[in-house]
Amino acid sequence: MPRSFVSCLGLFVGLFLGLAPAFGQQAGPDKFFDDRPPPLPKEVLSDSKLIARGEQIWKEQCAHCHGSKAYPGKAPKLTPRRYTPEFVWDRVNNGFRGMPAWKEVYSAEEIIGVVAYVMSDEFWP
Ligand code: HEC
């Protein structure tokens, strides 16, 4: 076998091994999972502690844009009856256009709390 072929093969193998982890990382499930809603079953959404924490966050961070005292047009009036918990989670966690993302601000549990509050009967914008 000529030497140049052997070193060429070596280069390919090296490249492949070097790049494989990079591809793996890009398509890895962890990164995707971060931006996708966790399971949000009824038992979680009706947890009164989570709802209470969500209400606190709503008053501190959300009401001045979405609440009845916010100036009209600043943010849409929320209509939870038309939402799924997963939709609310996505908007709160990831943001959307004028809606800020909160994933860097609150813990995963706190974000679930906000969802639980918005979807609960106690929700009062
Ligand atoms: C800086 C103002 C601002 C703050 C603060 C804010 N939002 Fe929003 N929010 C928006 C705007 C603007 C939109 C509309 C985005 C779009 O669809 O273009 C929006 C959209 C939403 C939607 C989707 C509404 C729909 O019908 O499409 C939800 C749910 C929501 N916000 C919840 C929240 C919650 C919960 C908080 C507090 C954690 C919050 N927002 C804080 C401005 C804000």
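FYI, it's all coordinate maths here, none of it is from the lab. As the structure is a prediction and not an experimental result, all values here were calculated from the model. Cβ: placed from backbone, ideal geometry, glycine included. Neighbour counts: every protein chain shown.
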Label-point separation in nm, residue 35 to residue 82, each point 7 Å along Cα→Cβ: 2.5
Those lysines that a straight Cα-Cα span of less than 30 Å connects to residue 42, excepting residues fewer than 8 apart in one chain: 31, 59, 77, 103
Vicinal HN-Hα couplings computed from phi for region 85-94 (Karplus, 6.51 cos²θ - 1.76 cosθ + 1.60; Hz; Gly/Pro x): x, 5, 5, 4, 4, 4, 5, 6, 5, 9
